[in-house]
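What follows is one structure encoded as structure tokens, with my remarks underneath.
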Amino acid sequence: MRASLLLLPIVFPALLLGLAAPAAAIQGRSADDAAPERPLVVDLQVEGLRYNDPQRIAARLGYRIGSPIPIEVTEAQRTLFRETHILVESLDFEEVSGGVVVKLRLLESLVDLDPQFVGNTKFDEEKLREWALLDSRVEVYADEVEKIRDRVTEAYRRQGYHFVEIDAVMAEGSGGRQEIIFQIKEGPKVYVKSVQFRGSDSIPDEGILIWKRTLGKLAGLQSKGKGLFAWWGYRYVEEVLEADRIAIAQVYRDRGYLDAVVDAELEFTPDRSGVHVVFRIDEGPLYTVESVAIEAYELERVEVIPGGPLDERQRRVDLIVPEQELLDLLVLESGGPFAQSRVNVDIRALLDRYGRDGHIDAGSFEGESGTAGWRFLGLDVTRDYLNKTVKVVYKIQQGRPFYLRFLEVAGNLNTKDRVIRRLFSQLEGDVVDAAKVRDDLRRVSGTGFFDDQFARGVHPPPAVNYRTVDGEPDLVDIVVSVEEGRTINANLSGGVASDQGLIGIASLSINNFDAQRLPRSFWGTFSEVYRKEAFVGDGETLGIDLSPGSQINYSRIFYQHPDIFRRHFDPVGVITEFQLRDRIFRSHDEGRTFARFAMTRAFAQGDWQASAGVRWQELKTRDLDPNEDLPRTLLNSEGDEAFVGLTGSVSVNKLDNRRLPRTGYSGRFTNTFYGRAFGSDRNLWKSELSFDRYFHLGQDPSSAAPGIYLGLGGGVAVPIDEPKGSVNYGERFFFGGARIGRGFRFRGIGPFEGQYALGGETYARSTVEYRFPLYAQSVPGTSRRREVFRGSLFVDTVVLDPSAYELDLEEARVSAGFALGLIDPFPVTFSFGWPLRSEPGDDRQVFAFSLTFR
């Protein structure tokens, strides 16, 4: 029974191809001639059915006693097999008086209305039915048995059960029907215990810990042995191992080892629950580049056969840009290794060079661009097997230059067009500069208006496409496609921080605020704001914070309009801010009331910004502890002091995203002068400079990957016509805690007087961090991954001096450690730092953390 059952998937398709002759042909006539004289069916003789009614099945084919025979039955046979798994094996006619006798021989697929799975202990039957694609079905036909067995077997193996065995057994059931029983022997789950490489002479392991450079990391191996987060090892999946083998071979070929061969050897443990993997590599010789050339081609569509489809052919043409100029852009050069990574860099360099002259990437056009766009057609590589060299020819389609007719914004349901348009330096009528447009798109992404880090579904990043203009072959429209993101953040939370104590937070932040877009009704305000129908869309920023706590009480209102006069280019904006902050220190209480108003001027579509304004604050230093040995800088600051003056700044921001940056840089230079002439109680000049640089080490800057952060800063507070060292304690610089100077307690970096820091009038600082995702989720519908849990290794350096314009590098404090941070669903950071260089009196603290519940 089982042997014949296994033949069904082979026999059925073959019979379908050879059967189903029209009845008219059986009668020896054409279909048209037979139609008026079709004989009647006198009798039906049906063989081969056991579980179905013969008359009903014959009727489905069009054969009924007393009715004429059908003209054509091919489609009816296909439908019968598709719906009932009954195959017409033979069809004959016998002429008798008054008509014909129809003789049908059918092949009936056995059916089980309730297939059974036995022996499964690791997965329930619901999961097995899901793997077998039987979720909503109750019947299983005999010809499907092998496919079901294969599906379940492959699913088990993808879960690591490499030795699973599944047998399909047929048994006689009630009512004469067959029962299908899948007998499962799951076997042990197999884990990869170790992965080793043999023969990888040209790619040895280098570095230590997470900086270790290995062949496995270069290939992105998924088959991994035991590790910090996989004590038993990663599960062994044969398909994954094969993909890893191919990836290793590709690493070698990308580096010029074109003949590299990689084999995988497996050694299973005695109980078969583990496997040791050894990749044996025959690197072969390194191929070097003998010569490099660049050739241009045009694609032509020619009609090979009259009236037939068009065939695409390449016709060589002259280069528009001198070949030597293009060759000078390439990093793949004669005498060097033939490395694919260099080829990828070269393709981008060629595209950018043509892009400056209006040649647009063909892949950026809406629809088919034909010969209009720039296209990389591939490499023509000629191998010299004797000398192990290659001749490389870059083949490109140059396209033609385009001028911009119109810039269209699509998908901005709430954001006004001008908010996006002012970020583009590309103007209508100018030659399209593809590199400039790409930088413009970076600005749009950097606003954060069209990003939703916590979206559960697909949230595509902003994109640019080009659309040709009918009748205008030299013109093109730019279409900027965006999808509104999460710009409204309401937060009601409580938490704790190691340097702030217990805190509560109530905040509202709208990053794409529109003060003139009022709700339609007062009662519908909250729902309209939530739906982004009110107070959203003009690119303004509004922030309202209220944070009571055990050590800090803080409130703040912030508003910024980037283009108050609607200049669009080089816009003028305003910033207003008001703060109240009360803090309880061990030594004293400090109250601060702060307000500022500034005008801003943006340059280069907002990459650069200058501001100038007025600043006022009142500092209240009270309740000094009489039992403590307090520093003189604090004693001299007791009481209330007002600070009124002018402030100005210059900043640059070229980050990919201002809220969660991965690439780019930002910097700021701020100067503030408080003067008695403005009503200040002291003359004070404060100047601070900061610079932050982010390096993304992944190929896709929008996806989670390791990265490097570099932060630099410096500042000085100078009393003018005041005694030396007279800067108010609240205006001095302090370091240590959870942000800068980790490894030291909050304000724990000296110099000290008694138990408390003097505070500095001059400082310099630096931070170097290596950041890496510990856990990331796949973004549905894309290849991107969203970072959820992050780790980092850091080194902080701080130099602090109690006097203005003085820095003693011998007084530098250096600390190193690691941090763990949760990004989604609520932010929490745990830092562990150890001072590498400190001074007597410094207040050390290994652990610091901040936690906020959303």
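Points worth noting:
- Condition met for residue 538 (touching a helix residue (DSSP H, G or I) at 6+ places or on another chain (Cβ under 7 Å) and part of a loop (DSSP other than H, G, I, E, B)): yes
- The residues of region 343-361 that are more than 17 Å from residue 377 (Cβ to Cβ) and either assigned to a loop (DSSP other than H, G, I, E, B) or without any contact (Cβ under 8 Å) to a residue 12 or more places away in the chain (or both), listed by number, are 356, 357, 358.
- Residue 596 passes every criterion in (1) assigned to a strand (DSSP E or B); (2) touching a residue at least 40 places away in the same chain (Cβ under 8 Å); (3) surrounded by fewer than 18 Cβ atoms within 10 Å (Cβ to Cβ); (4) not acidic (Asp, Glu) apart from (3).
- For region 710-744, the set of residues classified as closer than 30 Å to residue 695 by Cα, among the charged types (D, E, K, R) and open to solvent by 50 Å² or more (accessible area, probe 1.4 Å) consists of 739 only.
- Flag if residue 747 is at pLDDT below 85 and open to solvent by 20 Å² or more (accessible area, probe 1.4 Å): no
- Within region 389-420, the set of residues being outside any strand (DSSP E or B), buried (at least 17 other Cβ atoms within 10 Å of the Cβ) and touching a strand residue (DSSP E or B) at 6+ places or on another chain (Cβ under 7 Å) comprises 398, 399, 402, 414, 415, 420.
- Across region 674-707, the number of residues qualifying as out of contact with any Lys or Arg (no Cβ under 7 Å at 6 or more places or on another chain) and open to solvent by 60 Å² or more (accessible area, probe 1.4 Å) comes to 12.
- Test: residue in region 411-420 that is over 30 Å from residue 257 (Cα atoms), among the aliphatic types (A, V, I, L, M) and touching an Asp or Glu at 6+ places or on another chain (Cβ under 8 Å): yes
- Consider region 669-679 and keep the residues that are of a type outside the set (A, V, I, L, M, F, W, C) and under 51 Å from the mean Cα position of the chain (by Cα). The one that is nearest to residue 727 (Cα to Cα) is 674.
- Positions within region 234-256 being in contact with a strand residue (DSSP E or B) (Cβ under 9 Å, 6 or more places away or on another chain) and open to solvent by 30 Å² or more (accessible area, probe 1.4 Å), in sequence order: 234, 235, 240, 242, 245, 246, 255
- Here the condition is being within 30 Å of residue 789 (Cβ to Cβ) and out of contact with any strand residue (DSSP E or B) (no Cβ under 7 Å at 6 or more places or on another chain); of 698, 741, it holds for 698 alone.
- Every pair of residues 6+ apart whose Cβ atoms lie under 9 Å, when the first sits in region 458-487 and is within 16 Å of residue 702 (Cα to Cα) and open to solvent by 10 Å² or more (accessible area, probe 1.4 Å) while the second is assigned to a strand (DSSP E or B) and β-branched (Val, Ile, Thr): 462/480; 463/479; 463/480; 464/478; 464/479; 464/480; 482/409
- Within region 421-438, the residues that satisfy the criterion of being open to solvent by 20 Å² or more (accessible area, probe 1.4 Å) and part of a loop (DSSP other than H, G, I, E, B) are 422, 423, 425, 427, 428, 429, 430, 433.
- In region 20-58, the residues that are surrounded by fewer than 17 Cβ atoms within 10 Å (Cβ to Cβ) and modelled with pLDDT under 70: 21, 25, 26, 28, 29, 30, 31, 32, 33, 35, 36, 51
The values are calculated or read from the model by the stated rules, or taken from the named source; none is laboratory data. Everything numeric here is computed off the predicted structure, so don't read it as measured data. Backbone-built Cβ (ideal geometry, glycine too); neighbour counts: all protein chains shown. For accessibility, only protein heavy atoms count, side chains too; no ligands or nucleic acids. Shrake-Rupley method; radii C 1.70, N 1.55, O 1.52, S 1.80 Å.
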